Amino acid sequence: MNGTSAPAAVPPQPLHITPAEVISEFSHHHPSVARINNGGFGCCPSSLISFQRQIQMQWLRQPDEFFFNQIQPGMLRSRNVIKDLINTDHVDEVSIVDNASTAVSIVLQHMAWGFAEGRFHPGDATVMFHCAYGSVKKSVEAYFVRAGGSVIEVPLPFPLNSEDEIVQEFRQALEKAKQSNRRVRLAIFDHVTCMPSVVIPVKELVTICREAGVDHIFIDGAHGIGCVDVDMKQIGADFYTSNLHKWMFCPPSAAFLYCRRSSESSSLHHLVVTHEYGNGLARESTWIGTRDYSAQLVVPEVLEFVNRFEGGIDGIKRRNHDGVVEMGMMLAKAWGTHLGCPPHMCSSMVMVGLPACLGVLSDEHTWKLRTYLRDKFGVEVSIYYRPPKDGEVGPLTGYTRISYQVYNKVDDYYKFRDAINQLVHDAFTCASLPNS
Amino acid sequence: MAAVNGTSAADANSQIHKKPRLYADPSPPLFTPSDILYEFSHHDPTVARINNGSFGSCPSSVISAQNELQIQWLRQPDDFYFNQLQPKILQSRTIIKDLINADHVDEVSIVDNATTAAAIVLQQIAWGFAEGKFNHGDAAVMLHYAYGAVKKSVEAYVTRAGGYVIEVPLPFPVNSVDEIVHEFRQALQRGKQNGRRVRLAVIDHVTSMPTVVIPVKELVAICREEGVDQVFVDAAHGIGCVDIDMKQIGADFYTSNLHKWYFCPPSVAFLYCKRSINNSDLHHPVVSHEYGNGLAIESGWIGTRDYSAQLVVPKVLEFINRFEGGINGIKKRNHECVVEMGQMLVEAWGTHLGCPPEMCSSMVMVGLPACLGISSDHDALNLRTCLREKFGVEVPIYYRSPKDGEDGGVTGYARISYHVYNKVDDYYKFRDAINQLVHNAVTCASLPIS
């Protein structure tokens, strides 16, 4: 003012990402789809896609130089970011792999060698939940059972009212193993189950496993990081895996496998063997042949993105949880149904009962209904069939799993509410849907 | 076929058989040199990139097509997963089936790279031992020059499971295929000693370092004569580099990368598995809900990841068909040029090629002046780094240890590649760099350690 040279005032940059910026970051999402299934395949914001493209172009520009000078430091940076996020001390406990399915196969192959090399005996058991993710069940079949092991399945009560119901069933399964004189070599369970989705009391189950002398505890936290609190020291498992592309905004695909330091952690190997074989799983995983590693190299930038939100990843988790519970309750009220579990057992996903009159009576019905919702109503959401138990009168057999992520809007859930109301109004039943 | 535009029916027929067509559009024009420059304009312009053999290359138009697919997934992944992914993978597999002359599309699985394919084949060997189908000490045979990852995979799955591994020593430099055939026969005899069965032979189609073209058809025939259970051809440098015909070659398993010499983005490869009872037990090591539905289907879904590189194969075929003679034309010109450049270099340096031209593909081993003093693998790596950082030349160097009685000979070879984006200047730059080092009396011992 008045000829002085005071610097011009610069409007302060917004402290946090603004709603308009969030819309822009996800503007590549299909605009006419109510995308309430983040739990399916995750999401990735534009700025990270751009960053990933840059890395892809760096590789294509001069791949040899990238291979010799960039990849290893880049992977180490990503692993260090993850190490801090999951509260573990040693970066060599953190390996980056494509996805939780890969991590599961790595651990399960290690178990298969246990049988083949005589450390385990035929009939030794693994304990897992009945509702374990499809690929996990198949991996157990492909590696553990094939090598001579047996499986004890823990039924997951659903709908449920408290963690105690889960803990109870789990204790019984371990007891069953004890009764039949079977050594439990591996307990494998979800942190957040996929379908039906509930948060499992992992810390308590780990304690029970330790008391019962279970050899190895492996937690499938596919929906872990960015969805629930993931703290390796707190949880205390031997192995823990989580996808970063589901709830942590990484492009497809990147996941970590945490392996607690032990006498045998050095004998885990990646399934795809390269010249790095024998240098430890973390190092082996950084190079499994020529491929695009860009999704695994953007983890530092992912953290920067997450920290643009108020409260960082914790703020996002909290708001997602509150948002999905609120929307779940809105839907349950609109349809006269109920949630599949109490809110505190939900993460950023919740199971909401569907009106019984829709007649969801099989897994096939869930696929058909899901397709119908996508094609006719522009709603993308997962559907679950819950078979009735003996003696039950009029239980709900159909549930939907809704997700809430930063890009979701209330309108997405209204659209779903209205679609179901329309179906009910039209006396629609799943039986009437054509075969896909 | 009816005559078109006044041409005779015979002419029309010969036009139609010139290039395989998988789409109804009229054929786009052939690439001009400036088109090609543009397609590879993202390559570092300051680098003489004469190492296509290591990591391959991908043209801009294919990268764009891949980006579109990536965005389609991100836009609505559920819809893509349920409606697009499997049909598109099937389309890619079908194209590959035709390219390699396989009988059935279910013989063709798409995987990330040849290294993954090796793990698939070798893991089933490990199960063979674990499940008592094979006896402890049964053998696997592989070439001494097998790729490092493959050797480690054999250790991880065969040796660990109780198998006995025989390496076939190969002469290098090599003068004729007979030398290779002779060593291979001898190795098989060793394999069968003491009542051992040879459960698997792993044979490169084109070895990596040092690179030569292996007479695979002949070696497969020998394997059949000698009762080898399974033959696995590792053709990481196969498609786009040498002629590959599954029926001609006759192997049980054959893998090749498409991102090396076939212009695909990183990364995509195929694993061919001849239909037979033995192969029903092949599984992808990453298990998904598709487990048990056959390797091809299992490989089509190994959890959430970016499959876009596997889906651009149709686009890549379009790209290739804009070159004169398609992939065959490219192979032929690459081969002729790399031999010409190789001969230019050996003449300039007073050295020799590592093998006769007819045993080269689109890569050739060129002897380096002995005065550079390459006397270890470390020296080779240090020299490579020096060439990259000081001269802007990207080329892998191979150390060939002297045999007993040899003295003062060539111990270092460069593996030069030639691909559609290369120029004569790239090789002059390399020639001059080496001449400079020789002139300055530089030896590997004096180079900084990389």
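Here are the numbers for the structure shown:
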read-out: Candidate set: segment B:393-450, residues that are in contact with an Asp or Glu (Cβ under 7 Å, 6 or more places away or on another chain) and in a strand (DSSP E or B); chosen: the one nearest to B:R333 (Cα to Cα); value: B:E394
read-out: Residue match in segment A:318-327 (condition: over 30 Å from B:A236 (Cβ atoms), touching a helix residue (DSSP H, G or I) at 6+ places or on another chain (Cβ under 7 Å), open to solvent by 30 Å² or more (accessible area, probe 1.4 Å) and not acidic (D, E)); value: no
read-out: Residue under evaluation B:V420, criteria (1) over 19 Å from B:W349 (Cβ atoms); (2) free of Cβ contacts under 8 Å to residues at least 60 places away in the same chain, criterion not met; value: (2)
read-out: Residue in segment A:95-112 that is at pLDDT 95 or above, open to solvent by 20 Å² or more (accessible area, probe 1.4 Å) and facing chain B (nearest Cβ under 9 Å) present; value: no
read-out: Test: residue in segment B:177-186 that is among the β-branched types (V, I, T), open to solvent by less than 20 Å² (accessible area, probe 1.4 Å) and in contact (Cβ under 8 Å) with a residue 60 or more places away in the chain; value: no
read-out: Set B:G342, B:G373, B:G350, B:G367: member being under 16 Å from B:D426 (Cα atoms) and more than 14 Å from chain A (Cβ to nearest Cβ); value: B:G342
read-out: Filter pass, A:A132 being open to solvent by less than 30 Å² (accessible area, probe 1.4 Å), within 12 Å of chain B (Cβ to nearest Cβ) and outside any helix (DSSP H, G or I); value: yes
read-out: Residue check for A:R370: touching a helix residue (DSSP H, G or I) at 6+ places or on another chain (Cβ under 9 Å), open to solvent by less than 60 Å² (accessible area, probe 1.4 Å) and among the charged types (D, E, K, R); value: yes
read-out: B:V121 vs. criteria in contact with a strand residue (DSSP E or B) (Cβ under 6 Å, 6 or more places away or on another chain), facing chain A (nearest Cβ under 7 Å) and not acidic (D, E); value: no
read-out: Of all residues in segment A:65-93 being in a helix (DSSP H, G or I) and open to solvent by less than 20 Å² (accessible area, probe 1.4 Å), the one that is farthest from the other protein chains (Cβ to nearest Cβ); value: A:E93
read-out: Qualifying positions in segment B:288-301 - in a loop (DSSP other than H, G, I, E, B) and either buried (at least 24 other Cβ atoms within 10 Å of the Cβ) or small (G, A, S) (or both); value: B:S288, B:G292, B:G294, B:G300
read-out: Complete set of residues in segment B:44-62 that are in contact (Cβ under 8 Å) with a residue 24 or more places away in the chain and at the interface with chain A (Cβ under 7 Å from one of its Cβ atoms); value: B:V47, B:N51, B:S54, B:F55, B:C58
read-out: Check on B:G350, open to solvent by 30 Å² or more (accessible area, probe 1.4 Å) and touching a Pro at 6+ places or on another chain (Cβ under 9 Å); value: yes
read-out: Matching residues, segment A:37-64, being farther than 28 Å from B:K260 by Cβ, open to solvent by less than 20 Å² (accessible area, probe 1.4 Å) and not polar (S, T, N, Q); value: A:G39, A:G40, A:G42, A:C43, A:C44, A:P45, A:L48
read-out: Residues of segment A:263-284 classified as surrounded by fewer than 20 Cβ atoms within 10 Å (Cβ to Cβ) and part of a helix (DSSP H, G or I), total; value: 4
read-out: Within segment A:116-129, tally of residues that are crowded, with 22+ Cβ neighbours inside 10 Å and either within 13 Å of another protein chain (Cβ to nearest Cβ) or under 27 Å from B:R305 (Cβ atoms) (or both); value: 4
read-out: Of residues in segment A:236-255 being in contact (Cβ under 8 Å) with a residue 40 or more places away in the chain and more than 14 Å from every other protein chain (Cβ to nearest Cβ), the one nearest to B:L74 (Cα to Cα); value: A:Y240
read-out: Search result, residues across segment A:117-129 that are assigned to a loop (DSSP other than H, G, I, E, B) and not aromatic (F, W, Y); value: A:E117, A:G118, A:R119, A:H121, A:P122, A:G123, A:D124
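For every residue, the table says whether it meets (1) open to solvent by less than 10 Å² (accessible area, probe 1.4 Å); (2) free of Cβ contacts under 8 Å to residues at least 12 places away in the same chain; (3) more than 21 Å from the chain's Cα centre (by Cα).
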site: B:A117; (1), (2), (3): yes, no, no
site: B:W127; (1), (2), (3): no, no, yes
site: B:N135; (1), (2), (3): no, no, yes
site: B:A139; (1), (2), (3): yes, no, yes
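Conditions tested, residue by residue: (1) in contact with a helix residue (DSSP H, G or I) (Cβ under 6 Å, 6 or more places away or on another chain); (2) within 14 Å of another protein chain (Cβ to nearest Cβ); (3) under 30 Å from A:G118 (Cβ atoms).
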{"site": "B:A149", "(1), (2), (3)": "yes, yes, yes"}
{"site": "B:S153", "(1), (2), (3)": "yes, yes, yes"}
{"site": "B:T159", "(1), (2), (3)": "no, yes, yes"}
{"site": "B:G162", "(1), (2), (3)": "yes, yes, yes"}
{"site": "B:E179", "(1), (2), (3)": "no, no, no"}
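The values are calculated or read from the model by the stated rules, or taken from the named source; none is laboratory data. This structure is a prediction, so every number in the text was calculated from the model and none was measured. Note that we place each Cβ from the backbone using ideal geometry, even for glycine, and neighbour counts take in every protein chain shown. Note: accessible area is taken over every heavy atom of the protein model, side chains too, but ligands, DNA and RNA are not part of it. Shrake-Rupley method; radii C 1.70, N 1.55, O 1.52, S 1.80 Å.
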